[in-house]
Amino acid sequence: MVESWSFLDTAESNFRPLVVIELAKGTKEETIEWFTKRIVDKKADGGAQLLIQPLVMENGVENIYLVGASHLRLLLGAETVGLVKECSDNSMRTFTYSSRKTFKHFADDNHNFLTMAECQYIIKHELENLRAKSEKMIPGYPQAKLYPGKSIVRRLLTSGILVQIFPLHDREELKKLSHSWYGRVKVGYQPLDDIRCYFGETIALYFGFLEYFTFALIPMAVIGIPYYVFAWEDYDKYVMFATFNLLWSTVILEVWKRMCAILTYRWGTLLMKRQFEEPRPGFHGVLGINPVTGREEPVYSSIKRQLRIYLVSLPFVCLCLYFSLYVMMIYFDLEQWALDYHKENESNFSSLMLYVPSIIYAIVIEIMNRIYRYAAEFLTSWENHRLESSYQNHLILKVLVFNFLNCFASLFYIAFVLFDMKLLRQSLATLLITSQILNQFAESLLPYWLQKRYNRKMKKRMCSKKTDTDLSLAEQVNMEKEMGTYLGTFDDYLELFLQFGYVSLFSCVYPLAAVFAVLNNITEIYSDALKMCRVYKRPFAEPTASIGVWQLAFETMSVISVVTNCILIGMSPEVDALFPDSKMDLVLTVALVEHLLLALKFIMAFVIPDKPRDIQMKLAKLEFESLEALKQQVRAFQMQL
């Protein structure tokens, strides 16, 4: 590897811009000169060994730079980040430059061996790993302190010198992807492999899960329609539907693990080794020595972090949960008022008024969820977690707890305190449908309309001016840098998580919940695809082997659904009639059935393998070959001695 870097040339005749760097206007010349020099310097000198060119805009300001890399540099970078590619024998192996000829479709003149998303991911990795050597500060900005090993890009971002870094769209490829993805309404699967090549594995896996979950909802929807038509008021019949619900919620999650393994093996991320996590950009503390790496980095007391979590964050979350319950009780007061009004008037208007409290409450829930999300992000950032994974886990836990209580507390109260199945059905339908409409509007329609409006203004302004640089490239960069930033799949998975809760917890009393979920998800696929291609800047690809902590969240929800549906079954008149003398026998029987079903659920999870047999064999074979290669290296070293 060292020899490979030594002969790498930083110059290339055909410069291909891949990543855009926008510096703050008025950035000092010495800062720009130092930063660009570090980008193009050789790896041996602490640089990234990339290519960079300024993009001169019509006003002559040079605060935007285009970053690329030579083909050889990208191949060596692919080895550094541990990309996994398909070999000529159809096996998946970690790419190494020395064995490049053994990989399928590789040729020295084939610049498409690495996808554009992979190239941009490599450049992002190299830029983020630009580290200070002996510098004590960023040149020109004495307040922006540096120390050996500190990420230069992260310091520039936190100091406000670097505005943003984002990957460029490939307009031709984006046009093809848009046409095959959402350009025409069709019945069929999404082009997940094309999505993965363009946006990376994390986003492709989300759309794969969204597609899978939509298909998994179809059996519930098919059963729910006749159940709704023929047994609308007959709650005795929901025992069968609830029983099917129990099995369905377990099986679909176990089958998804297998589907996920198939996709990620094909994409190579199932084999990628986890890299050592660096401190997150917002982490701060007193400069010290990391005992693992031996490098200087900020050190923050874990005791202080725990005190912040338990003395500030936890009480705040509990206060928010109490406020959510208080709002819920106001909602029930409104429900009672609407019911009294209907009894007094008995008109079409009063019938419509029965749905008004639920609609208002659904809107309030969405507003509270969004406000709490900002508060949770602020608190989690203030807790000062060292690693991004730790930050994400604490944020997800806070958001899930609040969203679960905020969205489902009223339904639990209606079902198990008021015992009002008619109100439960009405509230569930209103909450589900209203939340779906609001999410579609807030996440897709409104951003798309605003972005389209901005694009029209930008095109008019760009066409009215003459510049020396490539007008189309300048126009593209100008439009993309003003687009919204895609903040990740967090909100998308959260929406599916809540939808899964509505369907699995109480759908037996409102069978059309799965039908509305299917219809929403079909439009969600198209609206999210439109959002990714037209509304937001292109996100950097992020390799992943699973949906992460969301798998655990969905499994937890399925466990809660077992308990909920067992209690609903026990409350049905049909089951209640079997225990006319002793209610305690009914409670004990329901508890026994619930424990047996949970045991069955965990047995099914154990029996159904997470990975298909053929993938298990391929992984075992690769592990055996790696061990044999390591043994040969050890023998060769011993013979040299």
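Taking only pairs six or more apart or across chains, which ones have beta-carbon atoms under 7 Å, a first residue in the stretch 89-110 that is within 27 Å of Asp614 (Cβ to Cβ) and open to solvent by less than 90 Å² (accessible area, probe 1.4 Å), and a second residue that is of a type in the set (Ser, Thr, Tyr) and not in a loop (DSSP other than H, G, I, E, B)?
Within 7 Å, the pairs are Met92/Tyr265.
Working only within the stretch 510-531, note down all residues that are open to solvent by less than 10 Å² (accessible area, probe 1.4 Å) and within 24 Å of Tyr265 (Cα to Cα).
Ala529
Looking only at residues that are at pLDDT below 85 and hydrophobic (A, V, I, L, M, F, W, C) in the stretch 354-393, which one is nearest to Glu335 (Cα to Cα)?
Result: Leu354.
For the structure I just gave you, tell me whether Met116 is closer than 20 Å to Phe199 by Cα and open to solvent by 20 Å² or more (accessible area, probe 1.4 Å).
yes
Please go through the stretch 377-390 and pick out each residue that is among the hydroxyl-bearing types (Ser, Thr, Tyr) and more than 15 Å from Gln306 (Cβ to Cβ).
Across the stretch 377-390, the qualifying residues are Ser381, Ser389.
For the stretch 159-186, how many residues meet the condition of being among the aromatic types (Phe, Trp, Tyr) and over 24 Å from Pro54 (Cα atoms)?
Qualifying residue count for the region: 2.
Please work out if Phe215 is open to solvent by 40 Å² or more (accessible area, probe 1.4 Å), of a type in the set (Phe, Trp, Tyr), under 30 Å from Ser507 (Cα atoms) and part of a helix (DSSP H, G or I).
Taking the combined requirement at face value, the residue satisfies it.
Just give me the residues in the stretch 289-329 being open to solvent by 60 Å² or more (accessible area, probe 1.4 Å), of a type in the set (D, E, K, R) and not in a helix (DSSP H, G or I), in sequence order.
Arg295, Glu296, listed by residue number.
Checking Glu542 against (1) in a helix (DSSP H, G or I); (2) among the charged types (D, E, K, R); (3) in contact (Cβ under 8 Å) with a residue 24 or more places away in the chain; (4) open to solvent by 70 Å² or more (accessible area, probe 1.4 Å): exactly one of these is not met. Which one?
All conditions are met except number (1).
Restricting attention to the stretch 143-196, and to residues there that are in a loop (DSSP other than H, G, I, E, B) and of a type in the set (Lys, Arg), which single residue is least open to solvent (accessible area, probe 1.4 Å)?
Among them, the one singled out is Lys150.
I need the full set of residues from the stretch 222-243 which are open to solvent by 10 Å² or more (accessible area, probe 1.4 Å) and modelled with pLDDT of 80 or more, in order please.
Residues satisfying the conditions are Val222, Ile223, Ile225, Pro226.
Here is a check on your reading of the model: is Ser410 out of contact with any strand residue (DSSP E or B) (no Cβ under 7 Å at 6 or more places or on another chain), surrounded by fewer than 17 Cβ atoms within 10 Å (Cβ to Cβ) and within 30 Å of Gly548 (Cα to Cα)?
Considered against the rule, which asks whether it is out of contact with any strand residue (DSSP E or B) (no Cβ under 7 Å at 6 or more places or on another chain), surrounded by fewer than 17 Cβ atoms within 10 Å (Cβ to Cβ) and within 30 Å of Gly548 (Cα to Cα), Ser410 comes out as no.
Is it the case that the stretch 375-382 has a residue that's assigned to a helix (DSSP H, G or I), under 19 Å from the mean Cα position of the chain (by Cα), β-branched (Val, Ile, Thr) and over 22 Å from Ala514 (Cβ atoms)?
Yes; the residues of the stretch 375-382 include at least one that is assigned to a helix (DSSP H, G or I), under 19 Å from the mean Cα position of the chain (by Cα), β-branched (Val, Ile, Thr) and over 22 Å from Ala514 (Cβ atoms).
Between residues in the stretch 386-401 that are loosely packed, with under 15 Cβ neighbours inside 10 Å and residues that are among the aromatic types (Phe, Trp, Tyr), which pairs lie under 9 Å by C-beta distance while being six or more apart or on different chains?
Leu387/Phe283
How do the pairs read when you match residues in the stretch 425-438 that are of a type in the set (Ser, Thr, Tyr) with residues anywhere that are modelled with pLDDT under 85 and not in a helix (DSSP H, G or I), using Cβ under 7 Å and keeping only pairs 6 or more apart or on different chains?
Thr430/Tyr355
In the stretch 549-581, what residues are within 18 Å of the chain's Cα centre (by Cα) and free of Cβ contacts under 8 Å to residues at least 24 places away in the same chain?
The one that is within 18 Å of the chain's Cα centre (by Cα) and free of Cβ contacts under 8 Å to residues at least 24 places away in the same chain: Leu552.
Tell me, yes or no, whether the stretch 618-627 has at least one residue that is touching a helix residue (DSSP H, G or I) at 6+ places or on another chain (Cβ under 7 Å), acidic (Asp, Glu) and part of a helix (DSSP H, G or I).
no
Scan the stretch 330-347 and give yes if some residue there is on the phi > 0 side of the Ramachandran plot, in a loop (DSSP other than H, G, I, E, B), open to solvent by 70 Å² or more (accessible area, probe 1.4 Å) and not hydrophobic (A, V, I, L, M, F, W, C), otherwise no.
Yes, some residue in the stretch 330-347 is on the phi > 0 side of the Ramachandran plot, in a loop (DSSP other than H, G, I, E, B), open to solvent by 70 Å² or more (accessible area, probe 1.4 Å) and not hydrophobic (A, V, I, L, M, F, W, C).
The values are calculated or read from the model by the stated rules, or taken from the named source; none is laboratory data. Predicted model only: the values in this text are computed from it and were never measured. Don't worry about glycine lacking a Cβ; one is built from the backbone with ideal geometry, like all the others, and counts go over all protein chains shown. For the accessible areas, the whole protein counts, side chains as well, though only heavy atoms, and no ligand, DNA or RNA atoms are used. Shrake-Rupley method; radii C 1.70, N 1.55, O 1.52, S 1.80 Å.
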